[in-house]
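Asks: Please find one structure pasted underneath; my questions will follow.
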Amino acid sequence: MGEEPGQELSLPDPLQSADGRPIASVEAWQRQRRPQILTLFREHVYGRSPETPLETQSQLLEMTADALGGKAIRKQVALQFKSGDSRLTINLLLYLPAAAQSRPVPVFSLLNFNGNHTVYPDRAIRIPTGWVPEEFRPAEAFRGARGDSYPVPGILARGYGLATAYAGDIDPDFDDGFKNGVHGLLGVPGQRQPDSWGTIAAWAWGLSRIMDYCLTDDQIDHRRVTVLGHSRMGKAALWAGAEDSRFALVISNNSGCSGAALSRRRQGESVKVINDRFPHWFCQNYRQYNDREEALPVDQHLLLSLIAPRPLYVASASQDDWADPEGEFLACRYAEPVYHLFGLKGMDAVRMPAPDTPLHHGHIGYHLRSGPHGLTAYDWRCYIDFANTHFHPAGKTKTNE
Ligand code: GTR
């Protein structure tokens with residue numbers, strides 16, 4: 001695989017089993033190859049998430065049908081987890097279009113970087129009580145500060161809801177030896193293994209807990225919950241989508257190294273650089289591949305292939321060399337054989353498209369947005385167009401009529 005001119009990459013074949021046998025049927029993929037690949041990512045990249053039983057409970061903290069001047073329902077829900085004497089709370093913020101009062105709506109679930117209050121300038125949104133990045137303190141001063149990345153009114157106007165939580169509620173984004181967040185709740189101190197989970201896997205776990213909540217809310221269309229993430233949260237969204245097939249659509253926005261970009265290309269951020277800068281993101285085993293990407297038993301096209309047959313969307317930005325846009329495009333291409341096995345079209349393109357010309361023909365969507373690293377209104381427009389295609393195949397383009 002990987003015969004791009006000038007870049008002979010020797011990539012693991014999604015359709016060849018570990019013992020060298022070809023995978024020629026959907027059944028062989030589901031029974032053999034998919035679990036093999038999932039295990040390899042758990043062991044070598046993201047780490048294993050514990051299956052420790054947890055006492056969980058969700059508490060509706062407040063709800064109004066009067067948000068955004070009556071156009072939206074706002075809910076804030078505390079997802080509470082208990083293990084022994086330790087507790088963890090994920091504060092979930094939901095905005096649903098008013099139409100959800102009469103029928104369930106599709107929802108985008110995603111983690112935000114700096115607190116729910118940064119997503120939209122609504123004074124009712126609760127401020128995180130735990131750690132927030134220094135540049136976002138005092139938290140009260142940053143209401144709506146990340147609004148450009150979360151165009152709430154536009155998303156709602158197209159009939160979609162938003163379910164978001166602050167990633168720091170699940171695991172604060174710094175290296176503390178895995179004591180705080182869900183690592184502290186579920187881990188036994190001093191007993192970490194080389195394949196114990198890192199922060200990306202913890203965030204993915206949190207996304208699955210948001211999914212658990214969504215399945216209990218009758219105003220949400222349970223079969224149309226998307227998981228989306230930008231950058232480091234894009235890595236988490238892909239891993240959540242791979243681990244949890246309840247997500248109907250998986251979207252990676254500029255996720256780059258150890259997200260959608262092929263590691264073996266070593267363009268932009270490398271495995272060594274990411275492990276050195278963010279020693280808490282991955283499992284310890286991943287460090288074995290610092291400057292040895294070719295020794296990895298996986299590459300990121302295999303992560304993308306785990307989403308099949310569900311629709312997948314990967315987006316890059318033209319000035320985001322750190323995330324290796326071409327490596328993201330090629331990973332989509334090399335994930336295609338698995339979609340083909342299901343009789344589905346993948347991305348259906350051999351060359352990278354020009355900026356701002358989205359590929360929405362098949363089950364893998366892709367676009368290269370012009371501009372720098374970021375999640376923008378343009379990206380959201382593309383995601384909603386693509387979601388409409390897959391969620392409303394009868395040609396209905398809007399969900400709020
Ligand atoms: C960078 C990191 C990337 C990406 C990005 C982000 O510092 O090198 O892998 O995750 O942060 O999350 O914005």
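Asks: When only C-alpha pairs under 8 Å and at least 6 residues apart count, what is the relative contact order of the stretch 14-391, in percent?
Replies: In percent, rounded to a whole number, it is 16.
Asks: Also, I was wondering about something else. At R0 = 22 Å, how high is the FRET efficiency between Ala157 and Asp212 if r is their beta carbon distance? Nearest 0.05 is fine.
Replies: The calculated FRET efficiency here is 0.20.
Asks: As I understand it, the dipole of the stretch 80-235 uses +1 on the Cβ of Lys and Arg and -1 on the Cβ of Asp and Glu, about the Cα centre. Which of Thr118, Val105, Tyr213 lies farthest toward its positive end?
Replies: Val105
Asks: If you don't mind, another one. Counting only DSSP beta bridges with both residues in the chain, tell me the antiparallel percent, nearest 5.
Replies: 55
Asks: Exactly which trypsin sites (Lys or Arg not before Pro) in the stretch 207-243 are in a DSSP loop and have at most 12 other Cβ atoms within 10 Å?
Replies: Qualifying residues, ordered by number: none.
Asks: Looking at Gly362, Phe41, Thr376, which one has the Cα that reaches farthest to the positive end of the dipole of the stretch 14-391 (charges on Cβ: Lys, Arg +1; Asp, Glu -1)?
Replies: Projecting each Cα onto the dipole axis, the largest value belongs to Gly362.
Asks: Moving on. Could you check the spin-label model distance between Ala65 and Asn290? Points 7 Å from the Cα along Cα→Cβ, value in nm.
Replies: Modelled inter-label distance: 5.8 nm.
Asks: Next question, about the same structure. What's the FRET efficiency of Met352 with His373 using the Cβ-Cβ distance as r and R₀ = 25 Å, to the nearest 0.05?
Replies: 0.90
Asks: Give, in nm to one decimal, the length gained when the segment between Phe174 and Glu55 is fully stretched (0.36 nm per residue of separation minus the Cα-Cα distance).
Replies: Difference between extended and current length: 40.2 nm.
Asks: Additional query: With springs only between Cα atoms under 10 Å apart, run a GNM on the chain and tell me which of Met211, Met63, Met347 wobbles the most.
Replies: Per the Cα network of the chain with a 10 Å cutoff, Met63 tops the list.
Asks: First compute the accessible area of the stretch 1-145 with a 1.4 Å probe, then give the percent of it belonging to carbon and sulfur atoms.
Replies: 47
Asks: Given the pairs Lys82/Lys272; Lys75/Lys272; Lys71/Lys345; Lys179/Lys272, which span a C-alpha to C-alpha distance of over 31 angstrom in this model?
Replies: Lys82/Lys272; Lys75/Lys272; Lys71/Lys345
Asks: Put +1 on the Cβ of every Lys and Arg and -1 on every Asp and Glu Cβ in the stretch 133-215; which of Trp203, Gly177, Tyr160 then has its Cα farthest towards the positive end of the dipole?
Replies: Highest projection toward the positive end goes to Tyr160.
Asks: Per-residue HN-Hα couplings for the stretch 147-160, Karplus 6.51 cos²θ - 1.76 cosθ + 1.60 at θ = phi - 60°, whole Hz, x for Gly and Pro?
Replies: Here the 3J(HN,Hα) series is x, 4, 7, 10, x, 3, x, x, 5, 5, 4, 8, x, 10 Hz.
Asks: About the Cα centre of the stretch 14-391, how large is the charge dipole given +1 on each Lys and Arg Cβ and -1 on each Asp and Glu Cβ? Please answer in debye to the nearest 20.
Replies: Charge dipole, the stretch 14-391, about its Cα centre: 520 debye, nearest 20.
Asks: Mind checking the stretch 135-200 for chymotrypsin sites (Phe, Trp or Tyr not before Pro) that DSSP puts in a loop (not H, G, I, E or B) and that have at most 13 other Cβ atoms within 10 Å?
Replies: Listed in order of number, the matching sites are Phe174.
Asks: Let me ask you something else. For the chain, what is the mean residue ellipticity at 222 nm derived from helices alone (per DSSP H run of n ≥ 4: -39500 (n - 2.57); sum divided by total residues; nearest 500 deg cm²/dmol)?
Replies: Calculated from helices alone, the mean residue ellipticity at 222 nm is -7000 deg cm²/dmol.
Asks: Follow-up question, since we're still on this one. Which whole-Hz couplings ³J(HN,Hα) result when phi for each residue of the stretch 105-117 is put into the Karplus expression 6.51 cos²θ - 1.76 cosθ + 1.60, θ = phi - 60°, listed in order with x for Gly and Pro?
Replies: So the Karplus estimates, Gly and Pro as x, are 10, x, 9, 9, 9, 7, 9, 9, 7, 10, x, 4, 5 Hz.
The values are calculated or read from the model by the stated rules, or taken from the named source; none is laboratory data. Remember, predicted model here, so these are calculated numbers, not experimental data. Note that we place each Cβ from the backbone using ideal geometry, even for glycine, and neighbour counts take in every protein chain shown. Ligands, DNA and RNA are excluded from the accessible area calculation, which covers all protein heavy atoms including side chains. Shrake-Rupley method; radii C 1.70, N 1.55, O 1.52, S 1.80 Å.
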